[in-house]
Amino acid sequence: MDQQVRDVRVPLHPFFVTAEPIEEEGYAPACREMIARTLDFCEKKARLQGHAAVAEALRQGNRSVHDYFLYGLAKEIGHFLGNGEAAVKAVYLFEPELMPGEVNGRQPDLSRSLDLIVWVDIAREGLATLVDALDGEFLQQYKALVGPSVATLRHFLSVDVASDRDVQMRRGAGALITSLYARPLEVWSRFVLRLNADHCGGCRICTTICPYEAISISPGATTAKIDLEKCQACGLCYSACPAGAIESAYYDFASLAHNVQSSIQADGYKAIALTCRGSTPTREEIEEILGVPGFVPICLPCVGRTPPEFFLKALTMGIERIAVIPCQDDHCRFEDGSRISRNRFLLMQALLQEMNFGPSVLIFREAEGPIATVHEDLCTGCGTCVAICPYDAIRADSKNGKTLFVARVDPELCQGCGLCAASCPSRAIEISQFADPQIISQIEAALATGAQDGRPRVLGFRCNWCSYDDDDLPFDPVHYSSQNIEVIGVPCVGRVDALHVLWAFLNGADGVFLGGCPPGDCRYVSGSDQAERRIARLQELLDAAGFDSRRLRMEWFKRGSPRGYSDVIRSFASDIQKLGTTPIH
């Protein structure tokens, strides 16, 4: 850490350091930022416009917005505590689960405290002191946000600390952490994936299902071990473990169920669509598959990570139709995910039939991912696409029997990464669902709907695979209105070319941010390498033209990073705030 951390408000235990330097105002700025992020989250999930609309929904007792607010703020607090305290292993939100009949009728208790459980190696006095300081700040800011309805609230945070010993002995809050039946909702974890040795029975299902040989059981050992360097965070082992011994930090059973419950409260939908990030069906295509208008969208890195019990839980909540839409087998970014989800679907369908559910309750449909096509009348036969394709899916054929060549795509081999389209000098290649007109239209729409308050604006491009968090909305751009940020998803950061970046600047962006997987860990082999070279050349051209290239930035995010992208793009937005608006607007 470049800057020495200091605390001028409360004495903390020497083992505790905060993620950011504490300013003269104490913890007030950090709490304001966490609440702002939470309001952004509520906007996206509840589809509201502006923080004022969220605050009004809270004052009116809107159940779904209230749940989103508590869930989002719990995640923010967990992230803050976890990044600052080396002893913290995980943070949980604990709240009584609503019964199905209470979902639409029960009003939220706005005066109830936010109940958290913090799992630490060893309980530390400094953590309790910090929580007390945060409690005072959040209490004041929550009262200012919601108003008289919480005037009598005396405490905002209710925190139980569970040590490793508590978890091992299953006592107090530690018993809830290890419970398979009343486990609280994990909102932050130091581990993307972890194995609870106490629950592992050594059945070897996880070792056989892992596509990357990241799980093993040594001779004579009774429990499995996960090699996190090999792990690709697909989550297949998590969904397959019969003992619930493997725990995932994102898209786990509890968070998926919470998302469905809150969405039912907000929209009243009775259908769910589970889609892979690589299958990308449109909203209209999904509604046709389901046979009903409106549904709860759940966009996962791989639908094969969905635990079987989630389907049963969704049906108890009132969901009437569930569509499972994976990639085709040869397009799965996690090798066996689509095959596993299909096998699991057949078993679950047979179980539901035995329980007298109709055939339309659970629907399985593979979706074709993005595919490249060549406009032969525009192709000049330069061969750039042939050389750049990481899957040997493009070949050069003679054109009408002449010496002039034309590129042709083998759809069986094409994986839809978009590298060829971004590199084609004559723009002769189109990627279905991510063609230039579609991306440009998204850029214009995102910048047209952003805040018009004179503050600098940031547009982000995010690889579908570089970050897994609750910002996911499969059909709409993501926005962080508190910092004037709009984000567009792309199959690979290598799909973004100079035209897209320049078009963003010309249409109102003051900064453009690209986030992708690290070179060597790209889901499309060489996409990150190609993007790195392309953006570096563009930055040189911008500098030569007198345009500050600091307004264009690319960053890499390790696989399975739950919060990496949102944290870094916010930091970039802060830098753009200092630079101000661009002179070209």
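Return a yes/no flag: does the range 477-485 have any residue that is without any contact (Cβ under 8 Å) to a residue 60 or more places away in the chain, more than 27 Å from P390 (Cα to Cα) and not in a strand (DSSP E or B). Among the residues of the range 477-485, at least one is without any contact (Cβ under 8 Å) to a residue 60 or more places away in the chain, more than 27 Å from P390 (Cα to Cα) and not in a strand (DSSP E or B), which makes the answer yes.
For the range 269-294, name all the residues that are more than 30 Å from I205 (Cα to Cα), of a type in the set (V, I, T) and under 23 Å from the mean Cα position of the chain (by Cα). Correct list: T282, I286.
In the range 178-209, which residues are of a type in the set (S, T, Y), in a loop (DSSP other than H, G, I, E, B) and in contact with a helix residue (DSSP H, G or I) (Cβ under 9 Å, 6 or more places away or on another chain)?
Applying the first criterion (of a type in the set (S, T, Y)) to the range 178-209 yields 178-179, 181, 189, 207-208.
Narrowing further to those that are in a loop (DSSP other than H, G, I, E, B): 179, 181.
None; the set is empty.
Taking the range 249-268, which residues are among the hydrophobic types (A, V, I, L, M, F, W, C) and within 16 Å of Y468 (Cβ to Cβ)? I'd like the intermediate steps shown before the answer.
The initial filter retains those residues of the range 249-268 that are among the hydrophobic types (A, V, I, L, M, F, W, C), namely 249, 253-254, 256-257, 260, 264, 266.
Once the filter is applied, which keeps residues that are among the hydrophobic types (A, V, I, L, M, F, W, C) and within 16 Å of Y468 (Cβ to Cβ), the range 249-268 yields A249, F253, A254, L256.
Residue under question is C382, and the condition is that it be under 20 Å from D497 (Cα atoms) and at pLDDT below 95; does it hold? In short, yes.
Candidates are the residues of the range 253-272 that are polar (S, T, N, Q) and touching a helix residue (DSSP H, G or I) at 6+ places or on another chain (Cβ under 7 Å); the one that is modelled with the highest pLDDT is S262.
Restricting attention to the range 456-476, the residues that are modelled with pLDDT under 85, part of a loop (DSSP other than H, G, I, E, B) and within 13 Å of the chain's Cα centre (by Cα) add up to 7. Taking the conditions (1) closer than 26 Å to L256 by Cα; (2) charged (D, E, K, R); (3) more than 13 Å from the chain's Cα centre (by Cα) in turn, D521 satisfies each one other than (1). I'd like the residue in the range 40-61 that is modelled with pLDDT under 90, assigned to a loop (DSSP other than H, G, I, E, B) and not charged (D, E, K, R) and, out of all such residues, is nearest to G147 (Cα to Cα). Applying the filter and picking the extreme gives G61.
Reported count of residues in the range 96-119, each being modelled with pLDDT under 80 and buried (at least 16 other Cβ atoms within 10 Å of the Cβ), is 3.
Residues in the range 564-573 that are modelled with pLDDT of 95 or more and either surrounded by fewer than 19 Cβ atoms within 10 Å (Cβ to Cβ) or among the basic types (K, R) (or both): 0 in all. Number of residues in the range 543-563 that are surrounded by fewer than 19 Cβ atoms within 10 Å (Cβ to Cβ) and not charged (D, E, K, R): the value is 5. Per this entry, R550 is counted among residues that are touching a helix residue (DSSP H, G or I) at 6+ places or on another chain (Cβ under 7 Å), closer than 26 Å to D453 by Cβ and of a type outside the set (A, V, I, L, M). Restricted to the range 405-415, and to residues there that are in a strand (DSSP E or B) and modelled with pLDDT of 90 or more, the residue that is surrounded by the most Cβ atoms within 10 Å (Cβ to Cβ) is A407.
Quick check: is even one residue across the range 367-375 closer than 30 Å to F310 by Cβ, within 31 Å of the chain's Cα centre (by Cα), of a type outside the set (A, V, I, L, M) and surrounded by fewer than 18 Cβ atoms within 10 Å (Cβ to Cβ)? Yes, some residue in the range 367-375 is closer than 30 Å to F310 by Cβ, within 31 Å of the chain's Cα centre (by Cα), of a type outside the set (A, V, I, L, M) and surrounded by fewer than 18 Cβ atoms within 10 Å (Cβ to Cβ). Could you check, for the range 301-323, whether at least one of its residues is buried (at least 17 other Cβ atoms within 10 Å of the Cβ), polar (S, T, N, Q) and not assigned by TED's automatic domain parsing to the domain that holds G244? Within the range 301-323, one or more residues are buried (at least 17 other Cβ atoms within 10 Å of the Cβ), polar (S, T, N, Q) and not assigned by TED's automatic domain parsing to the domain that holds G244. Within the range 273-281, one or more residues are closer than 22 Å to P242 by Cβ, out of contact with any His (no Cβ under 8 Å at 6 or more places or on another chain) and at pLDDT 90 or above.
Kindly indicate whether V167 is touching a Gly at 6+ places or on another chain (Cβ under 6 Å), in a helix (DSSP H, G or I) and aliphatic (A, V, I, L, M). Let's see the steps before the verdict.
Working: touching a Gly at 6+ places or on another chain (Cβ under 6 Å): yes; in a helix (DSSP H, G or I): yes; aliphatic (A, V, I, L, M): yes.
The answer is yes for V167.
Before we move on, is A175 at pLDDT 90 or above and either of a type in the set (F, W, Y) or not assigned by TED's automatic domain parsing to the domain that holds C234 (or both)?
Working: at pLDDT 90 or above: yes; either of a type in the set (F, W, Y) or not assigned by TED's automatic domain parsing to the domain that holds C234 (or both): yes.
Answer is yes for this residue.
Out of all the residues in the range 252-268, is one or more crowded, with 20+ Cβ neighbours inside 10 Å, within 20 Å of the chain's Cα centre (by Cα) and in a strand (DSSP E or B)? The answer is no; no qualifying residue exists. Among the residues in the range 506-528, are any part of a loop (DSSP other than H, G, I, E, B), touching a His at 6+ places or on another chain (Cβ under 7 Å) and within 28 Å of G454 (Cβ to Cβ)? Yes, that holds for at least one residue.
In the range 27-39 there is no residue that is more than 24 Å from V159 (Cβ to Cβ), touching a residue at least 24 places away in the same chain (Cβ under 8 Å) and part of a helix (DSSP H, G or I).
Which of the following residues is among the polar types (S, T, N, Q), within 28 Å of the chain's Cα centre (by Cα) and surrounded by fewer than 16 Cβ atoms within 10 Å (Cβ to Cβ): T152, T208? Explain how you work it out, then say what you get.
Working: T152 fails: within 28 Å of the chain's Cα centre (by Cα).
Only one candidate passes the filter, namely T208.
Tell me yes or no: at least one residue of the range 391-404 is in a strand (DSSP E or B) and either assigned by TED's automatic domain parsing to the domain that holds V324 or loosely packed, with under 14 Cβ neighbours inside 10 Å (or both). Looking through the range 391-404, at least one residue is in a strand (DSSP E or B) and either assigned by TED's automatic domain parsing to the domain that holds V324 or loosely packed, with under 14 Cβ neighbours inside 10 Å (or both).
The values are calculated or read from the model by the stated rules, or taken from the named source; none is laboratory data. Bear in mind that the values here come from a model prediction, so they are computed numbers and not experimental data. Glycine also receives a Cβ, built like all others from the backbone with ideal geometry; neighbour counts cover every protein chain displayed.
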